[in-house]
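*Asks:* Mind looking over this structure? Questions follow.
Since every read-out is calculated from the coordinates, none of them should be taken as a lab result. Just so we're clear, the structure is a prediction, and the values are computed from it rather than from any experiment. Positions of Cβ are backbone-derived with ideal geometry, glycine not excepted, and every protein chain shown enters the neighbour counts.
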Amino acid sequence: MSNLEHYLETEDLHPIDLVETLAEHHDWDFDRIADDQIAMAIEGQWRTYSITLAWSAYDETLRMVSTFEMEPPEEKLPALYDVLNRANDTCWAGAFSYWHAQRLMVYRYGLLLAGGAGAGPEQIDRMLSAAVMASERFYPAFQLVCWGDRTPEESMQVAIAEAYGRA
């Protein structure tokens with residue numbers, strides 16, 4: 001983070017500029033779509049997550065949307081929505097939803113920076129890490145309920161079980 005510290009000494013730091021610097025630091029693929037928006041790809045264990053961050057000066061919010069493709073069978077949608085509700089009960093910093101028309105699983109979070117508050121690199125890095133970690137944690141549960149013929153309760157056991165030791 002030492003190269004970020006020098007960058008942070010400038011006045012009027014735009015949140016998307018900070019996200020771009022983090023993406024460069026982590027060597028993530030990214031595309032600066034506009035002055036107020038950036039898209040990037042972050043590789044996880046299960047999937048590559050497409051993450052978009054957008055700054056809204058109107059309501060002083062840095063919005064993050066993390067997505068990955070998912071095409072569950074139609075008859076499994078009620079069980080998937082049940083698992084989504086259960087997952088969201090354990091997520092405090094963001095929430096999952098399923099965009100059926102786009103066939104995308106979505107994790108969303110909004111960082112309020114009202115009153116001219118600024119976000120630091122650790123805060124944004126943590127926000128991105130939380131999105132990937134939540135997706136990695138619940139991805140197996142989503143898969144099991146859609147294709148593994150498991151109940152929502154059984155599927156969630158995979159997500160809430162703690163692994164001890166090493167295999």
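*Asks:* Looking at region 36-73, which of its residues are within 12 Å of L111 (Cβ to Cβ) and out of contact with any Lys or Arg (no Cβ under 9 Å at 6 or more places or on another chain)?
*Replies:* D59, E60, T61, L62
*Asks:* Same structure again: State whether the residues of region 140-151 include one that is without any contact (Cβ under 8 Å) to a residue 24 or more places away in the chain, within 20 Å of the chain's Cα centre (by Cα) and farther than 30 Å from T21 by Cα.
*Replies:* Residues of region 140-151 without any contact (Cβ under 8 Å) to a residue 24 or more places away in the chain: 143-144, 148-150.
Remaining after also requiring within 20 Å of the chain's Cα centre (by Cα): 143.
So of that shortlist, the ones also farther than 30 Å from T21 by Cα come out as 143.
There is at least one residue in region 140-151 that is without any contact (Cβ under 8 Å) to a residue 24 or more places away in the chain, within 20 Å of the chain's Cα centre (by Cα) and farther than 30 Å from T21 by Cα.
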